[in-house]
């Protein structure tokens, strides 16, 4: 039997990272996590992961967290009853470029589960090193799509998002020249079926009550506004090279069918499974193979009904706006993403009405100068800074 794949896990203390650790633990003969990176906000969890997995290297983005991490190693080892000298401490990399340095080191797969645009640098670092990248950091593609596509060799990027994982699986059903349309499914969020007028008085508490998935606050609000589906639309275009006009979004409340591909002969192939991120994580780490122990399959012994409905673009204009941003290209998707993060923060602080979240993003894009195509990560970050400053000025009622 071949040796297990060596995995570098970026964002190990977050939701994707923790589930990746569980998947590797279920399949020790196939996967071995050998390096970890995290922001440094939860050094106790990071130290416990590092000792449990026996990793060689740990990276923390906050340089001040390095000493705390070392102390956490000793505490975790003491809890395990290990005496000093019975174990070797991993190498610690610290600072804002630590994840980039770690991603450039030898590994079979780098799983990028970092949240935010700070994940773009590590993605590019791993790609330039020739390593397969299992990508859960959507900002890498949305904000830095041109840079990522220029750095990636064919097959080097493997999606972790459930929708894009589903598309990758469905695309195995035919040749690329036979693909007619990609169909992204959306749960519709907590406000599915409401018209624009009924969304005017939505509260943050209501927006955070997602019917299917347990996610962080920004992603949950993005699901409620359908901004997340707009971001996924941009990702799908960049990952699979299908024109925007040939990518649809359909509302599917049960979140069982994760996406579909329609082929030239009229056949549509769907990928269905219970809503659980372990499956796309496992598939990305083992791609193109499947692991035997991941999650339970659908239960066909009980009755179930799956619904599909067209997206209401009037009540939820985010997908239409994201499509336009993606077609504009350059740094415009980065502007879209950064302005949305500012708008979501203002909404969660009760400083912005729910319908005005996407309205603020649209205003930012309308007012944006022509910033051209990015040539480096700094160009992307500069565009995001402009969008954030513009959005904050608009929120404050000042000149934009």
Quick check, is residue 318 closer than 23 Å to residue 246 by Cα, in the same structural domain as residue 200 (by TED's automatic domain parsing) and touching a strand residue (DSSP E or B) at 6+ places or on another chain (Cβ under 6 Å)?
-> no
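Taking the condition in contact with a strand residue (DSSP E or B) (Cβ under 7 Å, 6 or more places away or on another chain), farther than 29 Å from residue 267 by Cβ and modelled with pLDDT of 95 or more, does residue 133 pass?
Values: in contact with a strand residue (DSSP E or B) (Cβ under 7 Å, 6 or more places away or on another chain): yes; farther than 29 Å from residue 267 by Cβ: yes; modelled with pLDDT of 95 or more: yes.
Yes: the conditions hold for residue 133.
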Failed condition for residue 230, given (1) farther than 19 Å from residue 358 by Cα; (2) at pLDDT 95 or above, with all others met?
-> (1)
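Scan the range 143-171 for residues that are within 28 Å of residue 365 (Cβ to Cβ), assigned to a loop (DSSP other than H, G, I, E, B) and out of contact with any strand residue (DSSP E or B) (no Cβ under 6 Å at 6 or more places or on another chain) and jot them down. Even if it seems obvious, please write down each step before you answer.
Of the residues in the range 143-171, the ones within 28 Å of residue 365 (Cβ to Cβ) are 143-152, 157, 159-164, 167.
After this cut, where a residue has to be assigned to a loop (DSSP other than H, G, I, E, B) as well, the list is 143-144, 152, 160-161.
Passing the criteria: 143, 144, 152, 161.
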Given the conditions (1) over 19 Å from residue 15 (Cβ atoms); (2) surrounded by 15 or more Cβ atoms within 10 Å (Cβ to Cβ); (3) at pLDDT below 95, which single one is not true for residue 86?
-> (2)
Restricting attention to the range 279-289, does a residue exist that is modelled with pLDDT of 95 or more, surrounded by fewer than 23 Cβ atoms within 10 Å (Cβ to Cβ) and touching a helix residue (DSSP H, G or I) at 6+ places or on another chain (Cβ under 6 Å)?
-> no
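Give the residue that is farthest from residue 54 (Cα to Cα), with candidates limited to residues of the range 23-35 that are in a helix (DSSP H, G or I) and in contact with a strand residue (DSSP E or B) (Cβ under 8 Å, 6 or more places away or on another chain). Give the derivation first.
Quick first cut of the range 23-35, residues in a helix (DSSP H, G or I) only: 23-26.
Within this subset, residues satisfying the condition of being in contact with a strand residue (DSSP E or B) (Cβ under 8 Å, 6 or more places away or on another chain) are 23-24.
Working: 23: 16, 24: 13 Å.
Across the range 23-35, the extreme among qualifying residues is 23.
Being surrounded by 19 or more Cβ atoms within 10 Å (Cβ to Cβ), touching a helix residue (DSSP H, G or I) at 6+ places or on another chain (Cβ under 6 Å) and either assigned by TED's automatic domain parsing to the domain that holds residue 104 or within 28 Å of residue 268 (Cα to Cα) (or both): is that true of residue 186 here?
Against the criterion (surrounded by 19 or more Cβ atoms within 10 Å (Cβ to Cβ), touching a helix residue (DSSP H, G or I) at 6+ places or on another chain (Cβ under 6 Å) and either assigned by TED's automatic domain parsing to the domain that holds residue 104 or within 28 Å of residue 268 (Cα to Cα) (or both)), residue 186 qualifies.
The values are calculated or read from the model by the stated rules, or taken from the named source; none is laboratory data. Because the structure is predicted, anything quoted here is derived from the model rather than measured. FYI the Cβ positions are ideal-geometry reconstructions off the backbone, even for glycines, and counts take in every protein chain you see.
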